[in-house]
Amino acid sequence: MLNATYFISDVHLGMKNYPYKKEQEDMVISFFDRLIEDKAKELYIVGDFFDSWIEYRQVVPKGFYRIFSKLYDLVNANVKITYLAGNHDFWRGTYLYDEFGIEMMNTHIERTIDGKKFFIHHGDGLAYNDTGYKIMKKILRNRVSQFLYSWIHPDFGLWLAKSTSSKSRDYTSQKDYSAKDGLKDAAIAKINEGYDFVIMGHRHRPLFLNEGSGVYINLGDWMKTFSYGVFSEGIFYFKKYYDLENHKIIDELIAETKA
């Protein structure tokens, strides 16, 4: 869609023991090519683009050359990219900004897009009974902790991050949101504050909920659902880009609404 704003979350590139790694990466690159072809205006990465991202002063995780190349193509095509940190983005330095000019955000984003108010949050720490994670998040994001960790050899430091990341992802995917969904309740509270659209990820399950005068969208993931959001001319479209079961691009509409 010409001059549109796109949202994607929870790609988890670089997962250990994920059987569709090459297929997943191919689809991300294909999706980014689509944004370039359609002359997209903005892309919001709503956390956990990588399965674990720890950046040393002189070292970054290996294995993402094609992805980085395509991010460079997006920026050169004048697509503004904003990256919101998720719970798997343990800590980031300045690499993505220095190399690609990608704007990095730590907590949440409040933006007005084409006259509509957006509240964008990865969703981590909003689930009920998540006290342990909130404590761990403060430790991981603490500058002293990061300084001490930086003295660990990158081979061991990145291995440890991947191991921790795998356990965290399994916990998030298996968490039961059916009884009390803290992410949904937080989103509804933001809609009641006057936001037109609340965008989250983290839970790995797509959700599109009209609530009062606003809409809550949970973007799902790019491990199984390959779902994404696009906002154009006042309408939010929620779409599924790829059918993993049949191994083909479908780019079909799941839901749409005008807030």
Qualifying residue in region 4-23 (condition: more than 18 Å from GLY101 (Cβ to Cβ), without any contact (Cβ under 8 Å) to a residue 24 or more places away in the chain, in contact with a strand residue (DSSP E or B) (Cβ under 9 Å, 6 or more places away or on another chain) and not aromatic (Phe, Trp, Tyr)): yes
Residue in region 193-208 that is modelled with pLDDT under 95 and acidic (Asp, Glu) present: no
Selection count where residues are more than 15 Å from TYR6 (Cα to Cα) and surrounded by 15 or more Cβ atoms within 10 Å (Cβ to Cβ), scope region 21-47: 3
Matching strands (runs of 3 or more DSSP E) fully within region 1-105 where at least 2 residues are aliphatic (A, V, I, L, M): 42-45, 80-84, 103-105
Counted residues, region 192-209 - those being out of contact with any helix residue (DSSP H, G or I) (no Cβ under 8 Å at 6 or more places or on another chain) and over 19 Å from LYS116 (Cβ atoms): 3
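The values are calculated or read from the model by the stated rules, or taken from the named source; none is laboratory data. Keep in mind that what you see is a predicted model, and the values were worked out from it rather than measured. In this analysis, Cβ positions are derived from the backbone assuming ideal geometry, glycine residues included, and neighbour counts consider all displayed protein chains.
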